[in-house]
């Protein structure tokens, strides 16, 4: 305690709290030994547990599997996904396990932390044929009204950088990741609060559509301004749960 | 004018009541009365929290106490029943006596035997007064219409009448009898640990027929979940004998303590149940558990033992992996950061003969629960995607044999077995 109050004057409140914790803990376990180690009492330090897969800046990492980018996605979107994992609407056992007993205020803080990170986007993917790219571009920008497929841009914004408060951007993402999400919606492995509009859209897409859309999206250079479109700036073509 | 005011007051009261009821349906957090135990319903809610009824009788994302959770057992899968007071699908038709018979005798209202996954061998110790308070609480819950899922037990375990044999062998009915030679606090602890707390459901060693001795908290592998619930008595495992009561209470209330953090299924127990239990009751449990004399060493697990040569190679590789992936948080000297990153030196929860817990911790990492005393827990990354079986065996062996630790080495085969268990 004495150490804590001596240092308190020059420390921030967060650091003080940690010193308090650390010094009482140390006194109980090994009185007289050297001072216990300290770590910053920050959200960054707490999120080290996530960095191994999602990157130190939430940029996403390609390993054997692809771990998606979290950085810059709208906070409400990220928070909804954390809840979806916690309540098992999304079937990713390791994510459910990680967040199973974390409180809503803490999950909100985690979501806000990643929203405010802006690491650079990956280099756009190349290699798809012109025909595939053309089909992808058409679906993304205009949809296919004949099959009741709305354009991606109708909800995710003209610049495809998302729409506040809860719709994520879809450029700068890995192609495998987007394709995997589409598959997840089609087979019911990924769910959102009803009405689950993305599941409806994904079910209307053929594998060839998904191939084309993901190829075109992954080939787009991210625009310099990646901020999502302002809330209420688009009239959504479908009713979607959890986005308001 | 008076009428309008009265009407407005009534409308307001109805709205407030509706909001309260709705909120109660949505949230699984206990109401403030639960802690103080005000009134019979409040006392019943507190007791239901100690019993952690919610944990088994609720599915993820489902309505509290409406059941439906699959409980895989070595004998087939059970689905927990709806215990809200819905008359058709829940226990709305149970009288206080029916409810008592279920808890004390393990017999349903229709006279059928309940499977002992429902720990009536513990609940039989609960006093009549406490059972009645729990009944009052459950009857005051909002009824949820949700039909029970039929169990999927294999033959012959699907023949419930055969449970009569199991009961004759393993079930000792009867309320808790205080031990006059012990303090009131010790007796309260024993009452909670052996009764509602049903600690031995995990921390006891189940035999081939899934039975566990009434006072056995000597440790055991939890079937199917494949976490090893350490002995609460052996000094080789949790070693509670040399813990301060305060540290035990801290661990149970906040999920973290200077001696270590909860993980695996114990996170759920702290999150749903123990963080809401009064310090007085937690201290009583700690006093009782500390007083349990060593009742023989826990059984040695059957396992593949690496040779000395393999072990020394693993120790060398493990040291490098530890430095790269573990030392930033758990510190080069294995002492950790108190209440933030658990110590690994002399942390018995990872030094038990059975190595599954440290293996799975490295595979899937995890966070302790958010609790009032530790609302923003620090976490550990999973390493299953980054490290091979050989690398994980090496680093776990290194941890188990450094800084004065001297637990047996682990083999890559055991890591592979741990990989096969779903994280959730």
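The values are calculated or read from the model by the stated rules, or taken from the named source; none is laboratory data. Treat the numbers as computed from the prediction; the structure is a model and nothing was measured. Cβ coordinates were reconstructed from backbone atoms using ideal geometry, including for glycine residues, and neighbour counts include every protein chain displayed.
Residues being touching a strand residue (DSSP E or B) at 6+ places or on another chain (Cβ under 6 Å) and away from chain A (no Cβ under 14 Å): count how many of those fall in region B:347-364.
The qualifying residues number 4.
Tell me, please, whether a residue that is modelled with pLDDT of 90 or more, under 26 Å from residue B:219 (Cβ atoms), in contact with a helix residue (DSSP H, G or I) (Cβ under 9 Å, 6 or more places away or on another chain) and more than 10 Å from every other protein chain (Cβ to nearest Cβ) can be found in region B:371-378.
No; the residues of region B:371-378 include none that is modelled with pLDDT of 90 or more, under 26 Å from residue B:219 (Cβ atoms), in contact with a helix residue (DSSP H, G or I) (Cβ under 9 Å, 6 or more places away or on another chain) and more than 10 Å from every other protein chain (Cβ to nearest Cβ).
Checking residue B:344 against (1) more than 12 Å from chain A (Cβ to nearest Cβ); (2) modelled with pLDDT of 95 or more; (3) in a helix (DSSP H, G or I); (4) surrounded by 20 or more Cβ atoms within 10 Å (Cβ to Cβ): exactly one of these is not met. Which one?
That leaves (3) as the condition not met.
Could you figure out which of (1) within 14 Å of another protein chain (Cβ to nearest Cβ); (2) at pLDDT 95 or above isn't true of residue A:140?
The single condition residue A:140 does not satisfy is (1).
Go through region A:110-139 and give me each residue that's in a helix (DSSP H, G or I) and surrounded by fewer than 18 Cβ atoms within 10 Å (Cβ to Cβ).
Result: A:112, A:130, A:131, A:133, A:134, A:137, A:138.
Quick check, is residue A:49 within 14 Å of another protein chain (Cβ to nearest Cβ), touching a strand residue (DSSP E or B) at 6+ places or on another chain (Cβ under 9 Å) and modelled with pLDDT of 95 or more?
In short, yes.
Among residues belonging to region B:252-264 that are at pLDDT below 95 and either out of contact with any strand residue (DSSP E or B) (no Cβ under 9 Å at 6 or more places or on another chain) or under 17 Å from residue B:281 (Cβ atoms) (or both), point out the one that is nearest to the other protein chains (Cβ to nearest Cβ).
Only one residue tops the list, namely B:258.
Residues of region A:55-109 being surrounded by 20 or more Cβ atoms within 10 Å (Cβ to Cβ), within 7 Å of another protein chain (Cβ to nearest Cβ) and more than 20 Å from residue B:267 (Cα to Cα), which ones?
Hit for region A:55-109 is A:89, nothing else.
Within region B:383-394, count every residue that is within 11 Å of another protein chain (Cβ to nearest Cβ) and surrounded by 23 or more Cβ atoms within 10 Å (Cβ to Cβ).
0
So in region B:395-424, with the set limited to residues that are within 27 Å of residue A:93 (Cβ to Cβ), more than 14 Å from every other protein chain (Cβ to nearest Cβ) and outside any helix (DSSP H, G or I), which one is nearest to the chain's Cα centre (by Cα)?
For region B:395-424, the residue satisfying everything is B:410.
State whether the residues of region B:313-329 include one that is at pLDDT 95 or above, within 9 Å of another protein chain (Cβ to nearest Cβ), assigned to a helix (DSSP H, G or I) and touching a strand residue (DSSP E or B) at 6+ places or on another chain (Cβ under 7 Å).
Within region B:313-329 (the criterion being at pLDDT 95 or above, within 9 Å of another protein chain (Cβ to nearest Cβ), assigned to a helix (DSSP H, G or I) and touching a strand residue (DSSP E or B) at 6+ places or on another chain (Cβ under 7 Å)), the answer is yes, since at least one residue qualifies.
Considering B:66, B:48, which residue is part of a loop (DSSP other than H, G, I, E, B) and buried (at least 17 other Cβ atoms within 10 Å of the Cβ)?
Unique residue meeting the criteria: B:66.
Do you know which residues across region A:181-206 are assigned to a helix (DSSP H, G or I), crowded, with 19+ Cβ neighbours inside 10 Å and out of contact with any helix residue (DSSP H, G or I) (no Cβ under 6 Å at 6 or more places or on another chain)?
Residues satisfying the conditions are A:181, A:197, A:201.
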